[in-house]
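Heads up, the thing below is written out as structure tokens.
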Amino acid sequence: MDLNLDAPHSMGTTIIGVTYNGGVVLGADSRTSTGMYVANRASDKITQLTDNVYVCRSGSAADSQVVSDYVRYFLHQHTIQLGQPATVKVSANLIRMLAYNNKNMLQTGLIVGGWDKYEGGKIYGIPLGGTVVEQPFAIGGSGSSYLYGFFDQAWKENMTKEEAEQLVVKAVSLAIARDGASGGVVRTVIINSEGVTRNFYPGDKLQLWHEELEPQNSLLDILNSAGPEPMAI
């Protein structure tokens, strides 16, 4: 997610949505940056639209927030008029409408996930052009480049809730290890017929992957720690 003052604030992000046998799991990192500066290390990129529908935001922080705000307002009106909760499909289609009609202005990729009584758990990807794609799982943001091969290998249908959440947390932590624009903590949101559960995984408790450095409290700790032996000449 990108915050820029000259450059826009950007969520140079990792976002994920997966379906499982009873609902959906959404996941995201928490880094919002302005160029090389981390403007917010604990952002919440998984935004509530209704009681049963959430959206993961990537790209320009301002753009993704304003789209979410409009859609939350529209869905609130829609719910009152209908007298029942909005479906995931309607929510995704409202975002699609805004993203497509304003494609020249907006720089944001979104993943909508939720549960409704008609279709159960659903994930919809809405990438930059403003199209909408229903998918069993969706990945987005700068960190997603590192995850396509992993999901080809690890994805399976009819996962349990626990399997799905473990997959999401593992995937976000893998992306954080490789992508400089992703980092901080991992947040997840689980949505099913029983409601919504939010979980939080601190950055210093995540698994360390290949050649990844241990978390440090201070740059001085890194400078003072004994590095590799210099080459003998």
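The values are calculated or read from the model by the stated rules, or taken from the named source; none is laboratory data. Just so you know, these numbers come straight off a predicted model, no measurement behind them. In this analysis, Cβ positions are derived from the backbone assuming ideal geometry, glycine residues included, and neighbour counts consider all displayed protein chains. Accessible surface areas use protein heavy atoms only, side chains included; no ligands, DNA or RNA. Shrake-Rupley method; radii C 1.70, N 1.55, O 1.52, S 1.80 Å.
Points worth noting:
- Gly149 of a type outside the set (Asp, Glu), more than 24 Å from Asp44 (Cβ to Cβ) and open to solvent by 30 Å² or more (accessible area, probe 1.4 Å): yes
- Residue count for the stretch 4-23 satisfying the condition of being modelled with pLDDT of 95 or more, in a loop (DSSP other than H, G, I, E, B) and under 12 Å from the mean Cα position of the chain (by Cα): 1.
Okay, residues lined up against (1) within 16 Å of the chain's Cα centre (by Cα); (2) part of a strand (DSSP E or B); (3) buried (at least 21 other Cβ atoms within 10 Å of the Cβ):
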{"site": "Asn104", "(1), (2), (3)": "no, no, no"}
{"site": "Gly113", "(1), (2), (3)": "yes, yes, yes"}
{"site": "Tyr124", "(1), (2), (3)": "yes, yes, yes"}
{"site": "Gly143", "(1), (2), (3)": "yes, no, yes"}
{"site": "Ala164", "(1), (2), (3)": "yes, no, yes"}
{"site": "Ala171", "(1), (2), (3)": "yes, no, yes"}
{"site": "Ala175", "(1), (2), (3)": "yes, no, yes"}
{"site": "Gly180", "(1), (2), (3)": "yes, no, no"}
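- For Leu26, the conditions (1) assigned to a loop (DSSP other than H, G, I, E, B); (2) surrounded by 17 or more Cβ atoms within 10 Å (Cβ to Cβ); (3) among the aliphatic types (A, V, I, L, M) are fulfilled apart from (1).
- Considering residues of the stretch 205-233 that are surrounded by 10 or more Cβ atoms within 10 Å (Cβ to Cβ) and among the charged types (D, E, K, R) only, the residue modelled with the highest pLDDT: Lys205
- Number of residues in the stretch 185-202 that are open to solvent by less than 30 Å² (accessible area, probe 1.4 Å) and either over 17 Å from Ile123 (Cβ atoms) or at pLDDT below 95 (or both): the value is 3.
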